[in-house]
Amino acid sequence: MAFQSLTLLGSTGSIGRQTLDVLRHLKGRIRLAGISAGGRDLELLAQQVVEFQPEMVHIGDESRLGELRARVMTHWSGPMFAGAEGLARIAAEAPADVVLIATVGWAGLPPAMAAIEAGRAIALANKEALVCGGTLLTGAARTRNVPILPVDSEHSAIFQCLHSSPRNEIRKLILTCSGGPFLNSTKEQIDVADADVTLRHPRWKMGNKVTIDSATLMNKGFEVIEAHHLFGIPYDNIEVVIHPQSVVHSLVEFVDGSVLAQLGPTDMRLPIQYALTYPERFPSQIEALNLGKMGSLTFDDPDHGRFPALSLAYAAGRAGGTAPCVLNAANEVAVQLHMEGRIACGAIPRILRGVMEQHRHEQAPSLEKLQTWDRWGRDAAANIAAAL
Ligand code: MG
């Protein structure tokens, strides 16, 4: 049942560009039904529209809609949407088998929900959607009987290892973590690091938000929550292991003690292509893994003391309800402040802890309730940061 048509949300970001590269490689097997980008890189979005000739186009920044229309006018015509409401519309209305969500942050949740409610499969590169609204999203997907396919490399690895094994055969999910730029740094060094250092990821070339989350290990914390929702495994049975070489993308331990791992080059086009061609495999354009040249692969336990964000994510995941959504909102604000050079890396988990202490937890929130708590979390984080 490999998909034949795709709507891509977040087309000008790192995952978006690599997704279009996979589409080029698959040479017309998958048609682009809809495309969406925020609009900061208008030129690139315009080029993508002209090249892929989607049926519908969306731009996040409403003020640039006219400019985009003018740029593509002679080569493309069709319905164009803008703004947050337009994003949910293109996710639901563009005639696609699958919607790949590669937008950053909370903004991925409403269109993910809209796509599922329209009966469309989703391929999820945006982990924050599951972090904030995992129970809602997976519940809606079950009701509509639509799959949520992982694009995140660790979850794609687990998905491939599980290969539809029944839940009672699974003992543990083991997420690998490169350790990021602060793998060998002291707590003091991490505390004072500015964004120049934080953005220097040793293994993966990614967008800025996820790179900073990888430095604090919040990215891994969010991936634990993501894995819990995607695979329905309790938090006590999800582990993180530091693996700086990033060759083993994650592992599954079964009840008989057997452990399966998925290995591959560090190239996101692999999990993207697998999500789109699943359950089939196609030849890819990716350079093969050369184990003989690899040397050694190492594994180590994570240090929660140097990386408190990991414990904060576990705690929020276990609490459930509104807690992960608030943690994510506060993290989006703290990461933004860090990128702007206004706070050092060590302030990020301090802000998060402060927000989580103020948060009044609610179970089983609706999408509207989550939206309210998202805004609350952002305000609370900004207030705490201002007082630092
Ligand atoms: Mg990942």
Practice problem: Kindly indicate whether any position in segment 31-45 is at positive phi and at pLDDT 95 or above. | Solution: yes
Quiz item: Checking His228 against (1) free of Cβ contacts under 8 Å to residues at least 40 places away in the same chain; (2) crowded, with 20+ Cβ neighbours inside 10 Å, which single condition isn't satisfied?
Solution: (1)
Self-check item: Filter result for Lys172 (among the charged types (D, E, K, R) and surrounded by fewer than 24 Cβ atoms within 10 Å (Cβ to Cβ))
Solution: yes
Quiz item: Where residues in segment 144-157 are more than 19 Å from Pro324 (Cβ to Cβ) and either in contact (Cβ under 8 Å) with a residue 12 or more places away in the chain or within 15 Å of the ligand (Cβ to nearest atom) (or both), which of them is surrounded by the most Cβ atoms within 10 Å (Cβ to Cβ)?
Solution: Ala157
Self-check item: Qualifying position, being part of a loop (DSSP other than H, G, I, E, B) and in contact with a helix residue (DSSP H, G or I) (Cβ under 9 Å, 6 or more places away or on another chain), among Gln285, Gln262
Solution: Gln285
Practice problem: Determine if segment 325-335 includes at least one residue that is out of contact with any strand residue (DSSP E or B) (no Cβ under 9 Å at 6 or more places or on another chain), exposed (fewer than 15 other Cβ atoms within 10 Å of the Cβ) and assigned by TED's automatic domain parsing to the domain that holds Gly221. | Solution: no
Quiz item: So, in segment 357-388, of the ones that are of a type in the set (D, E, K, R) and over 22 Å from Ala114 (Cα atoms), which residue ends up surrounded by the most Cβ atoms within 10 Å (Cβ to Cβ)?
Solution: Arg378
Quiz item: Inside segment 182-223, can you point out the residues that are within 11 Å of the ligand (Cβ to nearest atom) and part of a helix (DSSP H, G or I)?
Solution: Val210, Asp213, Ser214, Asn219, Lys220, Phe222, Glu223
Quiz item: Looking at Leu20, Leu45, Leu8, Leu32, which is the one that is among the hydrophobic types (A, V, I, L, M, F, W, C) and touching a residue at least 60 places away in the same chain (Cβ under 8 Å)?
Solution: Leu8
Quiz item: Say we look at segment 94-104 and pick out the residues that are more than 10 Å from the chain's Cα centre (by Cα) and either within 16 Å of the ligand (Cβ to nearest atom) or surrounded by fewer than 24 Cβ atoms within 10 Å (Cβ to Cβ) (or both); which of these is nearest to Thr372 (Cα to Cα)?
Solution: Leu100
Quiz item: Of the residues Ala141, Ala118, Ala195, Ala107, which single one is within 28 Å of Gln262 (Cα to Cα) and either surrounded by fewer than 23 Cβ atoms within 10 Å (Cβ to Cβ) or not polar (S, T, N, Q) (or both)?
Solution: Ala141
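Just to be sure, is Ser250 within 17 Å of Ala157 (Cα to Cα), more than 16 Å from the ligand (Cβ to nearest atom) and at pLDDT 95 or above? Let's see the steps before the verdict.
On the way: within 17 Å of Ala157 (Cα to Cα): yes; more than 16 Å from the ligand (Cβ to nearest atom): no; at pLDDT 95 or above: yes.
So Ser250 does not fit the description; no.
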Practice problem: Filter segment 343-356 for residues that are surrounded by fewer than 22 Cβ atoms within 10 Å (Cβ to Cβ) and within 12 Å of Ala381 (Cβ to Cβ) and give the result. | Solution: Ile343, Ala347, Arg350, Arg353, Gly354, Met356
Quiz item: Out of (1) within 20 Å of the chain's Cα centre (by Cα); (2) at pLDDT below 95, the odd one out for Glu332 is which?
Solution: (2)
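Gly34: touching a His at 6+ places or on another chain (Cβ under 9 Å), within 21 Å of Ala115 (Cα to Cα), surrounded by 21 or more Cβ atoms within 10 Å (Cβ to Cβ) and not basic (Lys, Arg), yes or no?
yes
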Exercise. Scan segment 121-138 for residues that are closer than 24 Å to Val333 by Cα, more than 13 Å from the ligand (Cβ to nearest atom) and buried (at least 20 other Cβ atoms within 10 Å of the Cβ) and jot them down.
Key: Ala129, Cys132, Gly133, Gly134, Leu136, Leu137
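The values are calculated or read from the model by the stated rules, or taken from the named source; none is laboratory data. Values in this document were obtained by computation on a predicted structure and should not be read as measured data. Here Cβ is always computed from backbone atoms with ideal geometry, including for glycine, and neighbour counts include all displayed protein chains.
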